[in-house]
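The values are calculated or read from the model by the stated rules, or taken from the named source; none is laboratory data. Model, not experiment: these values are computed from the prediction. Methodologically, a virtual Cβ is constructed for each residue, glycine included, from the backbone with ideal geometry; neighbour enumeration extends over all protein chains shown. Heads up: the accessible areas ignore ligands, DNA and RNA and are worked out on the full protein's heavy atoms, side chains in. Shrake-Rupley method; radii C 1.70, N 1.55, O 1.52, S 1.80 Å.
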Amino acid sequence: MKKILLSAIAIMAFGFANAQDSETAGFSKGDFFVSGGLGFNSTKTGDFKTNNFNFSPMAAYFITENIALGGQLNVGIGKSEAGDSETKNTSLGINAIGRYYFTPGNAFSIFGQAQVGYFSNKMNPEFGEDVKTDGFNIGVGPGMNYFVSSHFALEAGLGILSYSTAKPDFDGAESTDTFNLNLNLSNVTFGVVYKF
């Protein structure tokens, strides 16, 4: 994993050193782009097994040369099995996204992202009552893009500083507040961007 990460950083650094302004590379005012993430994980310990799938499409529009505003949808589906019992978990979230690009017109660009959003999770145990949890989150983090063609770019997110709060929907429930600072190489995310 570290070799892949270091190779990606080296390619982006090389692109930064050789990037030239052109009409086809980089972003400009009026550009629209889509991106997103897709994930799946599965774990098993004895009779306990979990499977989770998530999908997070994003779209944004450049209102100025450096600023893009947009939104992101987060959808998650999961299932846990322990012996003969099963629990299903679904989640839905929506984020408002703002990005500031430091070198938007180049093939290589660094950006800072801020986001605020709402999310809802629902657990459906096979035996027992459903549990619904609602909450909101806010976060900031850095990232970078490198255009490999006039419309496609590789993207890397480099961690995030975030706060979230969530509260189950039943009487007497207390909220769970979470503060995260993840700026290490284990929290790097990769994606593909398509510019219209």
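Values for this structure:
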item: Within the range 118-140, considering residues that are open to solvent by 60 Å² or more (accessible area, probe 1.4 Å) and modelled with pLDDT of 90 or more, the one nearest to ASN74 (Cα to Cα); result: TYR118
item: Residue ranges of strands (runs of 3 or more DSSP E) in the range 121-196 with at least 1 members more than 30 Å from PHE108 (Cβ to Cβ) and of a type in the set (Gly, Ala, Ser); result: 131-147, 160-168
item: Residue list for the range 141-178, restricted to those being under 16 Å from VAL116 (Cα atoms), over 17 Å from the mean Cα position of the chain (by Cα) and open to solvent by 70 Å² or more (accessible area, probe 1.4 Å); result: ASP177
item: Members of the range 64-87 found to be free of Cβ contacts under 8 Å to residues at least 40 places away in the same chain and under 15 Å from THR43 (Cα atoms), listed by number; result: ILE77, GLY78, LYS79, SER80, GLU81, ALA82, GLY83, THR87
item: Pair list, Cβ < 7 Å and 6+ apart or interchain, from the range 120-133 residues that are over 14 Å from PHE170 (Cα atoms) to residues that are part of a loop (DSSP other than H, G, I, E, B) and open to solvent by less than 90 Å² (accessible area, probe 1.4 Å); result: ASN124/ASP130
item: Residue check, PHE196 at pLDDT 80 or above, more than 21 Å from GLY117 (Cα to Cα) and either open to solvent by 70 Å² or more (accessible area, probe 1.4 Å) or out of contact with any Phe, Trp or Tyr (no Cβ under 6 Å at 6 or more places or on another chain) (or both); result: yes
item: Residue in the range 59-68 that is of a type in the set (A, V, I, L, M, F, W, C) and in contact with an Asp or Glu (Cβ under 6 Å, 6 or more places away or on another chain) present; result: yes
item: Residue in the range 52-70 that is of a type in the set (Val, Ile, Thr), closer than 21 Å to ALA153 by Cα, open to solvent by 50 Å² or more (accessible area, probe 1.4 Å) and modelled with pLDDT under 90 present; result: no
item: Candidate set: the range 100-114, residues that are crowded, with 17+ Cβ neighbours inside 10 Å and of a type in the set (A, V, I, L, M, F, W, C); chosen: the one nearest to LYS195 (Cα to Cα); result: ALA107
